[in-house]
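The values are calculated or read from the model by the stated rules, or taken from the named source; none is laboratory data. In this text the structure is predicted, and so the values were computed from the model without any measurement. Here the Cβ positions follow ideal geometry from the backbone for every residue, glycine too, while neighbour counts run over all protein chains shown. Keep in mind that these areas ignore ligands, DNA and RNA; they rest on the heavy atoms of the full protein, side chains included. Shrake-Rupley method; radii C 1.70, N 1.55, O 1.52, S 1.80 Å.
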Amino acid sequence: MGKKTKQIAIYGKGGIGKSTTTSNISAALVEAGYKVMQFGCDPKADSTNTLRGGEYIPSVLDLLRENSRVDAHDAIFQGFRGVYCVEAGGPQPGVGCAGRGIITAVQLLKQQDIFEELDLDYVIFDVLGDVVCGGFAVPVREGIAEHVFTISSADFMAIYAANNLFRGIQTYSNKGGALLGGVIANSINTDFHREIIDDFVEKTQTQVVEYVPRSLTVTQAELQGKTTIEAAPHSEQAGIYRRLAKRIAGHTESKVPSPLDAKELRAWSAGWADQLIEIERRSERLVANA
Ligand SMILES: Nc1ncnc2c1ncn2[C@@H]1O[C@H](COP(=O)(O)OP(=O)(O)O)[C@@H](O)[C@H]1O
Ligand SMILES: [Mg+2]
């Protein structure tokens, strides 16, 4: 038996930056000398794209549809600096449950002792979802991950999804489910974005792991089919991703968050709406007086 592999899941709503951020964390960790697998759990199966020069790989479920006996090695592809890439894939649209697909894919690798064979330090699951559909709760519920991080911007829908995830974590926490490591704040470019996220983590008794700005460097790298770590290794943004990776790698103390209930969340966001109007008025006054 090799060393223990640390299993981390990164959650968030669609389009919030999970795959971008996860791929940069994976890239930063392989660059630091760790053995890393990124395990995409989005039916889109595009999680590991920028680790492989923009190339797509067949998903575990794709392979299983072609052949019921799959050698797990056929679903594992190497990318940037040897990082291992796997995509769980999804059921055919409208048929079956995405959560089942994740279980099937993880089981295939576990049955064939892949984590031990590859002597992995980290497996990072990139998971779509806000636990509205129970299927996406799988990595939390089944103890596939030990530490969960959620990515959120300051937008209400992203915070709403994060809060739902907190509820899922709370529900499964007394049954051996994964606990929350913290919030990765993405697309944070102004003071009030930061204040909104800070207020949310305070109310839910969690913490921000890192503030990641929205940056053209990321866009450029993606257009080249690369992570920011690979395409712009000396950029400020790459430095931020490296710091984030270090914090996640070193993280040990996860806990049960305190989600807001529907009424509390409504009241909280309404309070922020009033504050934003006030912030806008203030800046207009500043311009007018200038
Ligand atoms: N910090 C950032 N700066 C610039 N663009 C970003 C940033 N984070 C995410 N994006 C962009 O947002 C889009 C969605 O990101 P993606 O990682 O695919 O989301 P998800 O995996 O959550 O669906 C991509 O085009 C990505 O390049
Ligand atoms: Mg994605």
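At a probe size of 1.4 Å, how large is the accessible area of E210, to the nearest 10 Å²?
For E210, the solvent-accessible surface is approximately 10 Å².
Using 0.36 nm per residue of separation minus the Cα-Cα distance, give me the extension gain between S283 and R65 in nm, one decimal.
Additional length available on full extension: 72.7 nm.
Taking amide H atoms as placed 1.01 Å from N in the peptide plane, list the residues 5 or more away in sequence, or in a different chain, whose amide H sits under 5 Å from that of A32.
none
If you place +1 on the Cβ of every Lys and Arg, -1 on the Cβ of every Asp and Glu, and leave all else neutral, what size is the dipole of the chain about its Cα centre, to the nearest 20 Debye?
Details: 30 positive and 35 negative charges, 67 e Å.
The dipole magnitude comes to about 320 debye.
Using only protein heavy atoms and a 1.4 Å probe, report how much of L63 is accessible, in Å² to the nearest 10.
Looks like 30 Å² after rounding.
Given C-alpha coordinates of segment 113-176, what is the ratio Rg to Rh with the Kirkwood estimate of Rh? Mind showing how you got there, number by number?
Numbers: Rg = 13.4 Å, Rh = 13.0 Å.
The Rg/Rh ratio comes out at 1.03.
Hey, what's the chain come to in accessible area per residue, 1.4 Å probe, Å²?
Values: 13630 Å² over 290 residues.
That works out to 47 Å² per residue.
Counting trypsin sites (Lys or Arg not before Pro) as exposed when in a DSSP loop with at most 13 other beta carbons within 10 Å, what is the longest stretch of the chain free of them?
Details: sites that count: K3, K4, R69.
The longest uninterrupted stretch comes out as 70-290.
Using just the alpha carbons, could you tell me how many Å³ per residue the convex hull of segment 1-158 encloses? The partial results should precede the final answer.
Working: hull volume 17.7 nm³, N = 158.
So the per-residue hull volume is 112 Å³.
For the chain, state what percent of all Cα-Cα pairs lands in each successive 5 Å bin, counting from 0 Å until the bin that includes the largest distance.
With 5 Å bins starting at 0, P(r) equals 1, 6, 12, 16, 18, 16, 13, 8, 4, 2, 1, 1, 0, 0, 0.
Mind checking which of V208, V138, F156 is farthest towards the positive end of segment 127-209's charge dipole, using Cβ charges of +1 (Lys, Arg) and -1 (Asp, Glu) about the Cα centre?
V138
Carbon and sulfur atoms: what percent of the 1.4 Å accessible area of segment 6-259 do they account for?
Ligands and nucleic acids excluded, carbon and sulfur give 47 percent.
Taking H as built 1.01 Å from N, whose amide H comes closer than 5 Å to the amide H of I184, not counting residues under 5 places away?
So I184 has HN proximity to T150, I151, S152, V209.
Compare the Cα positions of G90, I197, Q7 along the charge dipole of segment 6-259 (+1 at Cβ of Lys, Arg; -1 at Cβ of Asp, Glu; about the Cα centre) and return the one farthest towards the positive end.
Of the options given, the answer is I197.
Past 28 Å, Cα to Cα, is the threshold; run K175/K226; K35/K203; K6/K226; K35/K110; K13/K226 against it and keep the listed order.
Values: K175/K226 39 Å; K35/K203 36 Å; K6/K226 25 Å; K35/K110 17 Å; K13/K226 22 Å.
Those over the limit are K175/K226; K35/K203.
For D121, D62, D42, give me the order by solvent-accessible area with a 1.4 Å probe, most accessible first, ignoring ligands, DNA and RNA. Don't jump to the answer; show the numbers that get you there.
Numbers: D121 30, D62 60, D42 10 Å².
Most to least solvent-accessible, the answer reads D62, D121, D42.
In nm, give the distance between the simple-model label positions of R100 and K175, each being 7 Å from the Cα along the Cα-to-Cβ direction.
Going by the 7 Å Cα→Cβ label model, 1.9 nm.
List, in order, the whole-Hz ³J(HN,Hα) value for each residue of segment 214-227 obtained from phi through the Karplus relation with A = 6.51, B = -1.76, C = 1.60 and θ = phi - 60°; use x for Gly and Pro.
6, 9, 5, 4, 5, 4, 4, 4, 4, 5, 8, x, 10, 6
Report the calculated FRET efficiency for T252 and A32 (r = Cβ-Cβ distance, R0 = 22 Å), to the nearest 0.05.
0.80
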